[in-house]
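Following: one structure in structure tokens, then a few remarks.
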Amino acid sequence: MNARVVQDVRPTLDVMITVRLLAELLDRHQIVLDATASRELSDLLRPLITAKALRPTEAAALDSAVRLALAPSQLLALTQARAALEARAQAFMARARFAAPDGPLNRTLIRYGLMVPGGQATVNLLLGTQLNPFTQAGGNADLLVQLLSLLDT
């Protein structure tokens, strides 16, 4: 796998993880947003429902804007949730035996496959494309809808 292709898809994968974690944190009441922050996040994320493409630069800017909309304590909770998710993925990878019939493994792709909704199939679908994973039927679209409904309440 070309390292450049992997690097290009990372911002999109990071947005997917941010959406996942925000939905979890809000659903479990581990963070509480005021009306202004909820509206700002909703305005930032709602276009993902229909956008056909999600370019790496757009994904990176979106992830940054979402983080800027959070209060410091909320950002800390998101950062801690991301670190815990990464630690779980790393722990699984340390115990698992991976085999690849077509060459060396890309551990970054495997790690992201363990962290994003839809797993490795979703990661592979995104490689070399600017596809918006939130318009595809399944976990990411459902998660975005769930997050938006949590933001709108």
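The values are calculated or read from the model by the stated rules, or taken from the named source; none is laboratory data. Predicted model, so just to flag it, every value in this text is computed and none were measured. Quick reminder, even Gly has a Cβ in these numbers, built from the backbone with ideal geometry, and neighbours come from all protein chains shown. What goes into the accessible areas is simple: the full protein's heavy atoms, side chains included, and nothing from ligands, DNA or RNA. Shrake-Rupley method; radii C 1.70, N 1.55, O 1.52, S 1.80 Å.
Enter the accessible area per residue of the chain (Å², integer; probe 1.4 Å; all protein chains in place).
Numbers: 8260 Å² over 153 residues.
That works out to 54 Å² for each residue.
Run through every distinct alpha carbon pair of the chain and return the Kirkwood hydrodynamic radius in angstroms, one decimal place.
On the way: mean 1/r = 0.0623 Å⁻¹.
After inverting the mean inverse Cα-Cα distance, the result is 16.1 Å.
Please report the carbon-and-sulfur percent of the accessible area for the stretch 104-153; probe 1.4 Å, protein heavy atoms only, DNA, RNA and ligands left out.
So the carbon and sulfur contribution to the accessible surface is 56 percent.
Counting only residues 5 or more places away or on other chains, whose amide H sits under 5 Å from the amide H of Leu131 once H atoms are built in the peptide plane?
So Leu131 has HN proximity to Leu54.
Separation of the stretch 6-33 and the stretch 110-140 by C-alpha centroid, Å?
Result: 13 Å between the Cα centres.
How do 30-40, 143-153 rank on mean C-beta neighbours within 10 Å, highest first?
Going from most to least packed, we get 143-153, 30-40.
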